[in-house]
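The values are calculated or read from the model by the stated rules, or taken from the named source; none is laboratory data. These numbers were taken from a predicted model, which means no experiment stands behind them. Cβ atoms come from the backbone with ideal geometry, glycine included; neighbour counts cover every protein chain shown. Note: accessible area is taken over every heavy atom of the protein model, side chains too, but ligands, DNA and RNA are not part of it. Shrake-Rupley method; radii C 1.70, N 1.55, O 1.52, S 1.80 Å.
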Amino acid sequence: MRKKNKSFLILTLFISFIFLGLSFITTNAQSGDPLAGLNATAGQVTAFEGQTGSDYSNFLQTKAGQIIGAILSFVGILFLGLMIYAGILWMTAQGNEQQVNKAKGMLTNAIIGIVIVFAAYAITAFIGAEILQ
């Protein structure tokens, strides 16, 4: 391995460990009831009102929202996996231009894909909000 690639790999790992350490610090900094914010937000949303007993007036909207949320979560995980795989390809290319170009193309396609997915979600959410009002 060339010295330049080795130093880049060491720097990348160092920065990754710093961010990983900071994420543990910020996530453990919570105090009090961890569900307090979620309960306060759920109280402001009317999606679950009227669903006691046999009255399911918003059932379809709630299930559609849950399905869309699950799909977007899957797309986010897929995007993260593609980014990590392309990064590993690029780091292990060792000067192989074909592998570097493959990694660059994969990064570009992953970013374009996630932008298209979130743009479609934003447009759909906007149109849905306008129709329901």
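With respect to the stated conditions, Ile127 fails to be part of a helix (DSSP H, G or I), touching a residue at least 12 places away in the same chain (Cβ under 8 Å) and surrounded by 10 or more Cβ atoms within 10 Å (Cβ to Cβ).
The set of residues in region 82-101 that are under 19 Å from Thr12 (Cβ atoms) and open to solvent by 40 Å² or more (accessible area, probe 1.4 Å) comprises Leu82, Met83, Ile84, Tyr85, Ile88, Trp90, Met91, Thr92, Gln94, Gly95, Asn96, Gln99.
Would you call Gly113 in a helix (DSSP H, G or I) and either within 16 Å of the chain's Cα centre (by Cα) or surrounded by fewer than 12 Cβ atoms within 10 Å (Cβ to Cβ) (or both)? Steps first, answer last, please.
Values: in a helix (DSSP H, G or I): yes; either within 16 Å of the chain's Cα centre (by Cα) or surrounded by fewer than 12 Cβ atoms within 10 Å (Cβ to Cβ) (or both): yes.
Yes, satisfied.
Pairs are defined by a Cβ separation below 8 Å, a sequence spacing of at least 6 or placement on different chains, a first member in region 73-87 that is free of Cβ contacts under 8 Å to residues at least 12 places away in the same chain, and a second member that is among the charged types (D, E, K, R) and in a helix (DSSP H, G or I); no pair meets this definition.
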